[in-house]
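Beneath this line is the structure, given in structure tokens, with notes to follow.
The values are calculated or read from the model by the stated rules, or taken from the named source; none is laboratory data. Just so you know, these numbers come straight off a predicted model, no measurement behind them. Glycine also receives a Cβ, built like all others from the backbone with ideal geometry; neighbour counts cover every protein chain displayed.
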Amino acid sequence: MTCKGQPEKISLYLDEMMGREEKNSFRAHLDRCPICRSILDEYRMIRAMIRDVHEKTPSDMGFKVLNRLYSRRQRVKTAVFAASMVALLGAGFFLGNNSGRALVASREEILREALEKENLKRIPVYSGTNVEDIRVRYEEVNF
Amino acid sequence: MWRISGSGMKKLTFSLLFFFIFFQSLLWAGGAPLEIFCKDKKVASGFFLSPDLAVTTDSILLYNNIYFKTETKTLYNYRIEFIDRVTKLVFLRIKDAQGIPMVLPEDNILVETEPLYIHEKGKRVDVGFFTRKLNGYGAFISEDKSLYEGTPLYDIEDEFAGVLIGNLDQNLYLFLYADMLAFYRDHLNMIIKQGRPVLNIVVTEMWEYSGIQVKESRNELVEKGDIIVALANFQINNVLDFNRALYLVDPASPLTLKVIRNGKLKRVTLNGGK
């Protein structure tokens, strides 16, 4: 007995990939060769196990899991996109509303300072070029 | 599910920003600004109450040959419709102005320290903050030394808050509330046609108290020192109230005043006189 096992041929045989003559010839060899028979039995057992596993887990389960993972990834992407849009619009709104000069000091500080200044001597009439000092107007109003 | 490429994302971002800026500009309270010039120098601001009726302050009467600039036009032909020396307001009918009238809110309650804004070159500029209501006026604090009389002021929600009329003290400025502007807008024809009674008295504002005090009188029924607290059915807290009430009474009919004289409330009936 010189055969050390022919696993390639066994695979072809199991997969029904052999022609009729080749198949008959290999069957004759299997009758004679215990090594190839044992390999064939082993392959059949492995296949049976795989089939068993496949029967217990539906074939589309893997797809569903992948699909779910994909959907989740898409949802995250969509959420990130939506959040970016909200942040962008918010930034636009904020910048639009606050463009221009900003007071550095807090309002409370300015108010306190302004109230302190009110106790100081009043500035003269027509102090500014653009805005009239109008207090004197209401000291004498003709009706 | 649609996908956005890199360049598509950029386009979308710019489109959204553009849309947002455009939308914000639409949300402004209308009232395209009016600038008043004399010899290429800006002398005052104003705004439109109707497409051809503008309002500013009487400081423009100091200048000759004034002209007006809106966002799109320069206008030269105008006539003075009415001057109210008490409020300082001057109403102008400007030919071919086609201005966008200011939206005047019916009730605009400002909160202490609420920021106030002006519109300058298409931008909203923070100019100070509201402090309190003062004898019918709004008072606000500003460190901006380039404010012009007649400038419309806007609140934090970009609604019209009032028109700047002058400086009261240091950084304290006064503005007239929207309701006063609405009053003139709605009654201007009647005011021009009817006028108001002439009482021959000089009054002074009592800044700390309600009512107005008679400073001089050439009216035999009103005495110097009287504090006027009511006119007809109108309560008088300040000069603005008195001014407005006088426009609303019939100048030809007898007029009832309630005055505090020597610590006692007294009713005085004056004969009408235009």
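It is to be established whether one or more residues within region B:44-60 are at pLDDT below 90 and touching a helix residue (DSSP H, G or I) at 6+ places or on another chain (Cβ under 7 Å).
no
Show the residue pairs that are 6+ apart or on different chains and have beta-carbon atoms under 8 Å apart, the first residue being within region A:41-53 and within 14 Å of A:Lys9 (Cα to Cα), the second being surrounded by 12 or more Cβ atoms within 10 Å (Cβ to Cβ) and among the hydroxyl-bearing types (Ser, Thr, Tyr).
Once the first residue is within 14 Å of A:Lys9 (Cα to Cα) and sits in region A:41-53, its partners that are surrounded by 12 or more Cβ atoms within 10 Å (Cβ to Cβ) and among the hydroxyl-bearing types (Ser, Thr, Tyr) give A:Tyr43/A:Ser11.
Working only within region B:140-170, note down all residues that are closer than 21 Å to B:His119 by Cβ, assigned to a strand (DSSP E or B) and either more than 7 Å from every other protein chain (Cβ to nearest Cβ) or not β-branched (Val, Ile, Thr) (or both). Spell out the reasoning first.
Going residue by residue through region B:140-170, those that are closer than 21 Å to B:His119 by Cβ are B:140-167.
Filter again for assigned to a strand (DSSP E or B), leaving B:140-141, B:152-154, B:160-167.
Hits for region B:140-170 are B:Phe140, B:Pro152, B:Leu153, B:Tyr154, B:Phe160, B:Ala161, B:Gly162, B:Val163, B:Leu164, B:Gly166, B:Asn167.
For region A:14-37, enumerate the residues that are in a helix (DSSP H, G or I) and either within 11 Å of A:Cys3 (Cβ to Cβ) or among the basic types (Lys, Arg) (or both).
Taking region A:14-37 and keeping what is in a helix (DSSP H, G or I), we get A:14, A:20-32, A:34-37.
A:Arg20, A:Lys23, A:Arg27, A:His29, A:Leu30, A:Arg32, A:Pro34, A:Ile35, A:Cys36, A:Arg37 - these are the residues of region A:14-37 that are in a helix (DSSP H, G or I) and either within 11 Å of A:Cys3 (Cβ to Cβ) or among the basic types (Lys, Arg) (or both).
Within the group B:Lys88, B:Lys39, which residue is on the phi > 0 side of the Ramachandran plot and at pLDDT 90 or above?
B:Lys88
Has region B:83-103 got any residue that is without any contact (Cβ under 8 Å) to a residue 24 or more places away in the chain, out of contact with any His (no Cβ under 6 Å at 6 or more places or on another chain) and either within 14 Å of chain A (Cβ to nearest Cβ) or surrounded by 16 or more Cβ atoms within 10 Å (Cβ to Cβ) (or both)?
The answer is no, given that none of the residues of region B:83-103 is without any contact (Cβ under 8 Å) to a residue 24 or more places away in the chain, out of contact with any His (no Cβ under 6 Å at 6 or more places or on another chain) and either within 14 Å of chain A (Cβ to nearest Cβ) or surrounded by 16 or more Cβ atoms within 10 Å (Cβ to Cβ) (or both).
Quick test of your reading of the structure: B:Val222 fulfils all but one of (1) among the hydrophobic types (A, V, I, L, M, F, W, C); (2) within 14 Å of chain A (Cβ to nearest Cβ); (3) in contact with a Ser or Thr (Cβ under 9 Å, 6 or more places away or on another chain). Name the failing condition by number.
(3)
Do you know which residues across region B:185-208 are under 23 Å from B:Tyr137 (Cα atoms) and within 7 Å of chain A (Cβ to nearest Cβ)?
Of everything in region B:185-208, those that are under 23 Å from B:Tyr137 (Cα atoms) and within 7 Å of chain A (Cβ to nearest Cβ) turn out to be B:Ile201, B:Val202, B:Val203, B:Thr204, B:Glu205.
Do we have A:Ala114 as under 41 Å from the mean Cα position of the chain (by Cα), at pLDDT below 65 and within 13 Å of chain B (Cβ to nearest Cβ) here?
The answer is no for A:Ala114.
Conditions tested, residue by residue: (1) touching a Ser or Thr at 6+ places or on another chain (Cβ under 6 Å); (2) surrounded by 16 or more Cβ atoms within 10 Å (Cβ to Cβ); (3) of a type outside the set (Phe, Trp, Tyr).
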| site | (1), (2), (3) |
| --- | --- |
| B:Leu110 | no, yes, yes |
| B:Lys123 | yes, no, yes |
| B:Leu153 | no, yes, yes |
| B:Glu157 | no, no, yes |
| B:Leu164 | yes, yes, yes |
